[in-house]
1. Which of the listed residues, ALA318, ALA104, LEU141, is farthest toward the dipole's positive end in the chain, when Lys, Arg count +1 and Asp, Glu count -1 at the beta-carbon?
2. Rounded to the nearest Å, what's the spacing between the alpha carbon centres of region 142-167 and region 197-216? Just the number, please.
3. Between TRP216 and THR68, what FRET efficiency follows from the Cβ-Cβ distance if R0 is 25 Å, with the result rounded to 0.05?
4. What dipole magnitude, in Debye to the nearest 20, does the chain give about its Cα centre under +1 on Lys/Arg Cβ and -1 on Asp/Glu Cβ?
5. Sort 78-91, 307-320, 281-294 by the packing proxy (mean of other Cβ within 10 Å over each peptide's residues), most packed first.
6. Residue separation times 0.36 nm, minus the C-alpha to C-alpha distance between ASP257 and SER292: what's the value?
7. Any idea how far the Cα center of region 77-92 sits from the one of region 315-362, in Å?
8. How high is the relative contact order of the chain, in percent, counting Cα pairs under 8 Å that sit 6 or more residues apart?
Amino acid sequence: MTTTATIFTRRALIAVLMMVLVPLWSAPPGAASTDGGGDAVAVNATRLTLATDTDIPKGATVDLLRRTMTLAAGEKRHLRGRLEATSTTTGIVGLTQRIRCLNAAGATVPAVAASARNHEGSDTTTYAIPGHLPLYADLLLTAPAAGVYTCVLQGSAYSTLSGAYHLTAVAGSTWLEADDTDRTGARWWQNPACESADPSSSCTYVGGGPARRDAWVFYDDGTPVHQWQAHPNAATVSAQANVELTTCYQGTASCSDTMEAYPRGENAVVDTRLEFIQLDMTGHACRTHSTSARRTVTDDAHHAVGYSALSGIPVDPACGTRTFLLRVYVKHVSGQTVKIDGVQSGITSLTNGIAFNQFPSL
């Protein structure tokens, strides 16, 4: 039975998440799905699954799984990681998952995809399986040169808790998946630099006070606007986006001080909408495809990533182009101001999107 002292401890001790941070709002899309209409080829992918439970000690980063691939220059692979973790403490502990790819010389190939969230304790009942926190991350690797690349799924644990504790990556439920063949013509988006503490006030915020009321990720947030060309042979196209938000409660180390309006416990609600727009010959919208969700980010979780996807989108010849625009609308509804996290340390992407061609079956 949880005691009053335990509840106080869990609420008082806040994870120090100075790296990439996020949680699960909605089920992410499948890594190798067709459009459901039978006219597109499913992309074959190999899934490597963690064979034994693996501890992630306090303050440590642990390599969990790795996939090695030999790629030609410019060849592309979509990687997806899932890290499911349990905890030995009822306190709040930061959990970060990364997909990091290295070349033959051991140098990291930009970008690193990451997601994370505060694990809220071994007695947490709000997860699908009590005490089990799952995180997902997506990366589009484009080989800068011909060679051998090794992609690693990593897990990190950290917090301000005293004493001994550790998180554990759960065998069978933790995996790394990678395409077996080239993702011809696929495109990666990531939003601008946004460090955890935001000392330069360069991040995008939505909320009350000095924050914006809404924002367009990949469109009016400083990201260079890119118009993607669907491949001439693509039967359909698809798109996905992972957008991470952080609540800016008073005293957090994860936001600009000017954005901290309420004490911890207020939480936040936002509306998001992923749009994938086929343009006409004048560069205006011809066909708009979208999916929306209302999302709650609690101050205990503190960080949350929303997963959105659109698949099996036909390329309409009446538009006169095969040009698409990808963007995500984020609107503050209530509660804490939220930060839209971006690239940290020049390489780690917290908010990103991918567009894919889907080719006809043979």
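The values are calculated or read from the model by the stated rules, or taken from the named source; none is laboratory data. Just so you know, these numbers come straight off a predicted model, no measurement behind them. Note: ideal-geometry Cβ built from the backbone for every residue, glycine included; neighbour counts use all protein chains shown. For accessibility, only protein heavy atoms count, side chains too; no ligands or nucleic acids. Shrake-Rupley method; radii C 1.70, N 1.55, O 1.52, S 1.80 Å.
1. ALA104
2. Comparing the Cα centres of region 142-167 and region 197-216, I get a distance of 28 Å.
3. 0.05
4. Around 100 debye, computed over the chain.
5. With the highest mean Cβ count within 10 Å placed first, the list reads 78-91, 307-320, 281-294.
6. Between ASP257 and SER292, full extension yields an extra 9.6 nm.
7. What the calculation gives is 24 Å, centre to centre.
8. 25
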